[in-house]
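Participant: Provided herewith is a single structure, encoded as structure tokens, for subsequent inquiry.
The values are calculated or read from the model by the stated rules, or taken from the named source; none is laboratory data. Here the structure is a predicted model, which means the values were calculated and not measured. Cβ: placed from backbone, ideal geometry, glycine included. Neighbour counts: every protein chain shown. All accessible areas refer to the heavy atoms of the entire protein, side chains included, with ligands and DNA or RNA removed. Shrake-Rupley method; radii C 1.70, N 1.55, O 1.52, S 1.80 Å.
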Protein chains: 4
Amino acid sequence: MKLSGVMPPMATPFQDGKLAPEKLKENFKRWNKTDLSGYLVLGSNGEAVYLNDKEKTKTVEISRESIPASKIMLVGTGMESTEETIRFTNQVAKMGADCALVVTPSYFKGSMKPQILYDHFVAVAESSRIGILIYNVPQFTGINLEPEWVARLSEHSNIIGVKDSSGNIGQLSEVIRLSRKGFAVFVGSAPVFFPALCVGAVGGILAVANVVPQECVRIQNLFEEKKFDEARGLQGQLTPLAGAVTTKYGIGGLKMAMDLAGYFGGNPRPPLKRPDKNTEEELKRLLLTFSSFSSGSSRR
Amino acid sequence: MKLSGVMPPMATPFQDGKLAPEKLKENFKRWNKTDLSGYLVLGSNGEAVYLNDKEKTKTVEISRESIPASKIMLVGTGMESTEETIRFTNQVAKMGADCALVVTPSYFKGSMKPQILYDHFVAVAESSRIGILIYNVPQFTGINLEPEWVARLSEHSNIIGVKDSSGNIGQLSEVIRLSRKGFAVFVGSAPVFFPALCVGAVGGILAVANVVPQECVRIQNLFEEKKFDEARGLQGQLTPLAGAVTTKYGIGGLKMAMDLAGYFGGNPRPPLKRPDKNTEEELKRLLLTFSSFSSGSSRR
Amino acid sequence: MKLSGVMPPMATPFQDGKLAPEKLKENFKRWNKTDLSGYLVLGSNGEAVYLNDKEKTKTVEISRESIPASKIMLVGTGMESTEETIRFTNQVAKMGADCALVVTPSYFKGSMKPQILYDHFVAVAESSRIGILIYNVPQFTGINLEPEWVARLSEHSNIIGVKDSSGNIGQLSEVIRLSRKGFAVFVGSAPVFFPALCVGAVGGILAVANVVPQECVRIQNLFEEKKFDEARGLQGQLTPLAGAVTTKYGIGGLKMAMDLAGYFGGNPRPPLKRPDKNTEEELKRLLLTFSSFSSGSSRR
Amino acid sequence: MKLSGVMPPMATPFQDGKLAPEKLKENFKRWNKTDLSGYLVLGSNGEAVYLNDKEKTKTVEISRESIPASKIMLVGTGMESTEETIRFTNQVAKMGADCALVVTPSYFKGSMKPQILYDHFVAVAESSRIGILIYNVPQFTGINLEPEWVARLSEHSNIIGVKDSSGNIGQLSEVIRLSRKGFAVFVGSAPVFFPALCVGAVGGILAVANVVPQECVRIQNLFEEKKFDEARGLQGQLTPLAGAVTTKYGIGGLKMAMDLAGYFGGNPRPPLKRPDKNTEEELKRLLLTFSSFSSGSSRR
């Protein structure tokens, strides 16, 4: 299995506020028909921070059953505490995850100096039975791990990649330039997916890939076929939708767009909310720019 | 019981990485001899983010046994999810907490608009069996709740106060000016404790009060006796120590200073670390500016 | 002459886009009847960045004629270049200024390390024929000079004070605590004027003092008479107006409020604009909370 | 003349603190032998903020004499005041500038709302005898002009392009996508020159092009020949030097590197300083990665 390509940070479906395993299975059934290379389970967009331990376990279980062996199963396991991160990483390893995504701890921002973060990632990597990827997401954590530190961590044989969601292409370029050859650098921000590929990213872990997976894959395919103008054009279509389902309307918007695209989205957990009717109209319009949604009925 | 005065956000002691109930009891025994008005259990400085559910329950249990009825028992119960916050608040209520401190949820910063936060706090307040205080701590959460929104929330009969740790005295003044009379405004930043009292704060929830509780109380006493120059002078002595045990050396520094002051501090949980020998020397020097530590042996 | 008390950063009047010397003289006539301790000429609120060399010279000239010897004449002379700052400081010295306010250079933010700023201020102080005050205004410059560096600069015999407009009372306290005795620390943010006095500021250089000079002076008088509750109450009245004429509506709002208060305000220079009618109504309402404007007609 | 390609924001040479016209002419002589498409005179890196009116005029004069008609002469003319910006733009137009670069005014950050900036640029464009480019440089100004506003401005026939120095490739993509066809979008940040070309930028205005002009041009040539891997490789060589002569060592570093590369760099004006010997060694090493400096002596 090659660590590359497009993966959605899988949204976690709820019905009446409860985890909805059947809905998740249905979503997987449709996603599996696309060329997504894998899935991130329990990512930020999976509302991992709103799930209790039991719900997390259940979500991993269903995902393991639903994800074919040919696709990557990456699971978000980062906690504030080093020990808890190790414990949970090994739990999901035992449950069959291929690799784990470990976010920078961040609550005590002032104390999270680079060396502290470095030691944390090394400690987790040393004790983890599966390979880990670093998750750098300053817009959520208020912490940025600089390229030279990611590069140092890339030398550890059990640290196999990074998801950089900063949206900073200069930084991504430096991560790629400075890291060891073969280190898997994913971009986590859809509006810069195409430029990220240009500077050498191996793929994208993109919220919007929950909604329009094949369109995201197509950008990468076009790029690899050196059809740059087409790739750039498709990126231009993707950007407004990507902005809407993350920055602008958050997970509520993402789930609403999933509903419009024929997946089960449903409501996010409070304090998050489902957006209003106006947003629904805007999301419909944004989806219609894609051919798969513009001819007569949408794919539903 | 009057909601006012000085409370420490109680540090949680560990031995060999495990929760150390006996050490916590010993600390309480000494703190109880001072004029602290109460305690914040499971606050940021209590490393709540590093405790699992069982450890949290145990910590609340020991605290309830150790805190006399004459002192306030405030417990940090804020989670990212509204539902989980309510569940945990009512759990600690049943265990005997007097009131709960609820931090602004913050993981999805971009989505945490004022109205979302407002609805969250109201939902928690509606369902909580004990009064709640809002916890505004932008340096950890990346979220700031503006005075006009705190004021609106102060109108709810079950929202009884706020801990503002922004360090922004202009903001604190506005919170006090705009909130309903009787709403308990605590400052959460020791370097501005004296000016906070000047603008009308009812007290302080101060990390450094784990180390020098009586000195903190004394600032408020001097202020209330209108001995402003003395209060300001003592604040000047407190500020460098307060900066060291929070901003500069974090919880590792706080716990080291507790050890030096005769309490049990011990090590924080990784990724946090105990500072080195140089820091110890610096902390010793800072403690010596206080008379209780400068005469011969320290209080130990 | 004692360096203390309330000074307005004097607004510069324009008519048909041209400097209006007569209007400035009229304003001075009224201000001089109050207990303002002096004036800041060519400050930020004086739109110094919109004046050419000739206009600056003319403004200083008129100010010198209009300001009585009993009041302080402080002139803003800071430029990006060290040499130009020295040249202009000595020019206004020759024209009769009592002292000069020198802003931190800031265009090349990344290069403005503390030592660079230190050397700049020392160079200016060495060559200046009049005493200089440091001007720290992060919200305009993006640069903050830390208390320990202000304190080091306070040791220079020709650096006689600082105007700190950060609004950060913790920082102001530290500046006062660490600087040499006699160093004049002014606060430059009206919403924290009262707490600034509490922590030891000698006075305020306040935009809103262009509009309600005597009310600002009164806060300081009440404070000095130890009438803290009254001082705090008056501060509570001042804060909304102060916020409106700076943060909220900028210099356009300040000048509109001056017009409403019976001074000549007029229009700011483009790109700044005069606010609309709604703002005028809001400003009127805010002025009416002051007794001097609430009886009979508002325009005295 | 096509508005595209690589231009250096020309450094302004001083000797003994005075403008050094002969040195500037010598620099031009060498730069003119390269394939630079033009020059930015009086840009940020030209230390425009340290030049008085006379020096600015002299610099424009010499530049006009030295720049061949086949190359673009772009002059920085943005001031805080709208009127002064218009006046100076028309002055340089009369002196022969091809077009003008107008920075967002920024001193009163809080007042510089998008509409205010929009009106400023339109007013300047209306009155200017030459085409203007918008200069967006948040790291110096603290102001960011959002893509939708740049796009609106691109509809004005006399606003012909933008230099975006934010380093934000997502933003640059959106500017290109939303602006009118033919609007010249330059990137102003060398570490993202290659990705900027990938998303459709027409060229770069790059500080490091003062030092290694032909290498910068070569990145664009390789890109246009679709030799992406080579272009990306050369970018990887350029990035560390580019970081050193801007972010890390500022204009002092830039001028030192120019000296090492055989141009006249000299000292920046105080408060800026020439870096120390260690920096010189580092800059030498960084230059040696380029073939033109690695054979024989480094000073060509």
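Participant: Angle check, please: helix C:228-243 long axis (alpha carbons) against the longest principal axis of chain C (alpha carbons), in degrees 0 to 90, nearest 10.
Facilitator: Helix C:228-243 sits roughly 90 degrees off the main axis of chain C.
Participant: Compute the relative contact order of region D:79-169 as a whole-number percentage, counting only Cα pairs closer than 8 Å that sit 6 or more residues apart in sequence. Write out the running numbers ahead of the final one.
Facilitator: Values: 124 pairs, mean separation 27.6, N = 91.
Result for region D:79-169 is 30 percent.
Participant: Additional query: Run through the other copies and list how far each one's label point is from that of residue A:94, in nm with one decimal, shortest first; the point sits 7 Å from Cα along Cα-Cβ.
Facilitator: Nearest to farthest, the other copies are at 2.8, 8.4, 8.5 nm.
Participant: Using a 1.4 angstrom probe and counting only protein chains, how large is the accessible area of residue A:156 in Å², to 10?
Facilitator: Roughly 40 Å² of residue A:156 is accessible to a 1.4 Å probe.
Participant: Can you give the Kirkwood hydrodynamic radius for region D:124-234, in Å, rounded to one decimal and based on Cα pairs?
Facilitator: Working: mean 1/r = 0.0693 Å⁻¹.
After inverting the mean inverse Cα-Cα distance, the result is 14.4 Å.
Participant: Taking each residue of C:80-91 in turn, how many C-beta atoms of other protein chains fall within 10 Å of its C-beta, and what is the average? Mind showing how you got there, number by number?
Facilitator: Numbers: counts 8, 10, 5, 6, 5, 2, 1, 1, 0, 0, 0, 0.
Taking all residues of C:80-91 together, the mean is 3.
Participant: When you have a sec, figure out the Kirkwood radius of region B:124-181 from all distinct Cα pair distances and drop it here in Å to one decimal?
Facilitator: Numbers: mean 1/r = 0.0855 Å⁻¹.
Here the Kirkwood hydrodynamic radius works out to 11.7 Å.
Participant: Could you work out the mean count of beta carbons from other protein chains within 10 Å of each residue's beta carbon in A:111-117? Display every interim value, and only then the final one.
Facilitator: Details: counts 12, 3, 3, 0, 2, 6, 1.
What the average comes to for A:111-117 is 4.
Participant: Still on this structure, please answer the following. Treat every Asp and Glu Cβ in region B:131-231 as -1 and every Lys and Arg Cβ as +1, leave all other atoms uncharged, and give the resulting dipole magnitude about the Cα centre to the nearest 20 debye.
Facilitator: Details: 8 positive and 10 negative charges, 39 e Å.
Using only the charged Cβ atoms, the result is roughly 180 debye.
Participant: Can you tell me the orientation of helix C:277-287 relative to chain C, as the angle in degrees between its alpha-carbon axis and the longest Cα principal axis, to the nearest 10?
Facilitator: 80
Participant: Would you list which lysines come within 17 Å of residue A:109, measuring only between C-alpha atoms, while excluding same-chain residues fewer than 8 positions from it?
Facilitator: Cα-Cα hits under 17 Å: B:109, B:248, B:273.
Participant: Which distances, shortest first and in nm, link residue A:281 to the matching position in the other copies, using label points set 7 Å out along Cα to C-beta?
Facilitator: 2.9, 6.8, 7.0
Participant: Using alpha carbons only, what's the Rg to Rh ratio of chain A with Rh from Kirkwood? Each step should come with its number before you reach the end.
Facilitator: Details: Rg = 18.1 Å, Rh = 19.2 Å.
Taking Rh as the inverse mean 1/r over Cα pairs, Rg/Rh reads 0.94.
Participant: Volume per residue, Å³, of the convex hull around the alpha-carbon atoms of region A:1-60? Provide the component values of the computation, followed by the final result.
Facilitator: Numbers: hull volume 5.3 nm³, N = 60.
In region A:1-60, the Cα hull volume divided by residue count equals 89 Å³.
Participant: Additional query: Shape verdict for region A:170-211, please, from the Cα gyration tensor: rounded (a/c under 1.5), prolate (a/b greater than b/c) or oblate. Walk me through the numbers before you get to the answer.
Facilitator: Details: a/c = 2.74, a/b = 1.87, b/c = 1.47.
Prolate.
Participant: Turning to a different aspect of this structure: If you take the Cα atoms of region C:163-300, find Rg, then find the Kirkwood Rh from the mean of 1/r over all pairs, what is Rg/Rh?
Facilitator: On the way: Rg = 15.7 Å, Rh = 15.6 Å.
Here Rg/Rh amounts to 1.00.
Participant: Rank-order C:145-154, B:50-59, A:100-109, D:207-216 by packing density, defined as the average count of other C-beta atoms within 10 Å over each peptide's residues, highest first.
Facilitator: Most protected by this proxy first, the peptides run D:207-216, A:100-109, C:145-154, B:50-59.
Participant: Which percent of the Cα-Cα distances in region A:66-152 go past 23 Å? List each step's numbers first, then the result.
Facilitator: Details: 826 of 3741 pairs.
Of all Cα-Cα pairs in region A:66-152, 22 percent lie more than 23 Å apart.
Participant: Between residue B:214 and residue C:276, with labels modelled 7 Å along Cα→Cβ, what's the label distance in nm to one decimal, could you check?
Facilitator: Here the answer is 6.3 nm between the modelled labels.
Participant: I need two numbers for region D:195-258: Rg to one decimal and Dmax as a whole number, Cα atoms only, in Å.
Facilitator: Just the Cα atoms of region D:195-258 yield Rg and Dmax of 12.0, 36 Å.
Participant: Give me the accessible area of residue A:118, 1.4 Å probe, in Å² rounded to the nearest 10.
Facilitator: So the heavy atoms of residue A:118 present about 50 Å² to solvent.
Participant: Using a Förster radius of 41 Å, what is the FRET efficiency between residue D:33 and residue C:148 based on their Cβ-Cβ separation? Nearest 0.05, please. Mind showing how you got there, number by number?
Facilitator: Values: r = 50 Å, r/R0 = 1.23.
Given R0 = 41 Å and the Cβ-Cβ separation, E is 0.25.
Participant: With a 1.4 Å probe and every protein chain left in place, work out the accessible area per residue of chain B in Å², rounded to a whole number.
Facilitator: Numbers: 10900 Å² over 300 residues.
With all protein chains present, chain B gives 36 Å² per residue.
Participant: May I pose another question? If each Cα of the protein assembly as shown is one equal point scatterer, what is log10 of I(q)/I(0) from the Debye formula at q = 0.05 Å⁻¹?
Facilitator: Once normalised to I(0) and log-transformed, intensities are -0.37.
Participant: Where does helix D:169-178 land angle-wise versus the long Cα axis of chain D, in degrees 0 to 90, nearest 10?
Facilitator: Tilt of helix D:169-178: around 40 degrees.
Participant: Let's see if you can work this out: charge +1 on each Lys and Arg Cβ, -1 on each Asp and Glu Cβ, no other charges. What is the dipole magnitude of the protein assembly as shown about its Cα centre, in debye to the nearest 20?
Facilitator: 0
Participant: Find how many whole Å separate the alpha carbon centroid of region A:112-150 from the alpha carbon centroid of region B:113-159.
Facilitator: Each part reduced to its Cα centre gives a spacing of 32 Å.
Participant: How much accessible area is lost when chains D and A come together, counting both sides, with a 1.4 Å probe, in Å² rounded to the nearest 100? Show your work: numbers first, answer last.
Facilitator: Details: alone 12950 and 12920 Å², together 24610 Å².
Using a 1.4 Å probe, the pair buries roughly 1300 Å².
Participant: What FRET efficiency, computed as 1/(1 + (r/R0)^6) with R0 = 35 Å and r the Cβ-Cβ distance, is obtained for residue D:122 and residue C:94, rounded to the nearest 0.05? Write down the numbers at each step before the final one.
Facilitator: Numbers: r = 42 Å, r/R0 = 1.19.
After rounding to 0.05, the efficiency reads 0.25.
Participant: Right, something else. Length gain on complete extension for the stretch residue D:15 to residue D:109, per 0.36 nm per residue less the alpha carbon to alpha carbon distance? Present the calculation step by step, with values, prior to reporting the outcome.
Facilitator: Values: separation 94, 0.36 × 94 = 33.84 nm, distance 3.50 nm.
Extra length from residue D:15 to residue D:109 when fully extended: 30.3 nm.
Participant: Of the heavy-atom accessible surface of the protein assembly as shown (probe 1.4 angstrom), what whole percent is carbon and sulfur?
Facilitator: Numbers: 22070 of 43720 Å².
Carbon plus sulfur share of accessible area: 50 percent.
Participant: Relative to the Cα centre, what is the charge dipole magnitude of region A:53-171, using +1 at the beta carbon of each Lys and Arg, -1 at the beta carbon of each Asp and Glu, and rounding to the nearest 20 debye? Don't skip to the answer; put the middle values down first.
Facilitator: Values: 12 positive and 14 negative charges, 51 e Å.
I would put it at about 240 debye.
Participant: While we're on this one: Cα convex hull of region B:227-290: how many Å³ per residue? Working shown, then result.
Facilitator: On the way: hull volume 5.3 nm³, N = 64.
Roughly 82 Å³ of hull volume per residue.
Participant: Can you flag which of A:226/D:33; C:23/C:58; D:56/D:163; D:58/D:284; D:2/D:94 are past 23 Å Cα-Cα? Walk me through the numbers on the way to the answer.
Facilitator: Numbers: A:226/D:33 34 Å; C:23/C:58 13 Å; D:56/D:163 21 Å; D:58/D:284 32 Å; D:2/D:94 21 Å.
Over 23 Å apart, Cα to Cα: A:226/D:33; D:58/D:284.
Participant: Something else: Whose amide H sits under 5 Å from the amide H of residue D:161, counting only residues 5 or more places off or on another chain, with H placed in the peptide plane?
Facilitator: Amide H to amide H, under 5 Å and 5 or more residues apart or across chains, residue D:161 pairs with D:134, D:184.
Participant: State, as an integer percentage, the relative contact order of region C:59-121 based on alpha-carbon contacts under 8 Å between residues 6 or more apart.
Facilitator: 34
Participant: Right, next: Checking buried surface per residue: for region A:181-214, which residues lose a minimum of 50 Å² accessible area in the protein assembly relative to the chain alone (1.4 Å probe)?
Facilitator: Flagged in region A:181-214: A:198.
Participant: Of A:216, A:24, A:74, which is farthest towards the positive pole of chain A's charge dipole, taken about the Cα centre with +1 and -1 on the beta-carbons of Lys, Arg and Asp, Glu respectively?
Facilitator: Towards the positive end, the residue furthest out is A:24.
Participant: Would region C:9-121 count as rounded, prolate or oblate if I go by the C-alpha gyration tensor, calling it rounded below 1.5 in a/c and otherwise prolate when a/b exceeds b/c, oblate otherwise? Could you put the intermediate results ahead of the total?
Facilitator: On the way: a/c = 2.18, a/b = 1.70, b/c = 1.29.
Prolate shape, in that a/c is at least 1.5 and a/b is the bigger ratio.
Participant: What fraction of the DSSP beta bridges in the protein assembly as shown is antiparallel, stated in percent and rounded to the nearest 5? All intermediate terms of the calculation are to be shown ahead of the outcome.
Facilitator: Details: 8 of 116 bridges.
Approximately 5 percent, going by the DSSP bridge assignments.
Participant: Could you grab the relative contact order for chain B? Cα pairs under 8 Å, six or more apart, rounded to a whole percent.
Facilitator: Numbers: 552 pairs, mean separation 51.1, N = 300.
Relative contact order of chain B: 17 percent.
Participant: Roughly how many nanometres apart are two label points built 7 Å out from the Cα toward the Cβ at residue D:69 and residue C:247?
Facilitator: Output for this residue pair reads 5.8 nm.
Participant: Let me ask something additional. To the nearest 500 deg cm²/dmol, what mean residue ellipticity at 222 nm is calculated for the protein assembly as shown from DSSP H runs of n ≥ 4 alone, each contributing -39,500 (n - 2.57), summed and divided by the residues? Provide the component values of the computation, followed by the final result.
Facilitator: Details: 52 runs with 540 residues, N = 1200.
The per-residue figure over the protein assembly as shown is -13500 deg cm²/dmol.
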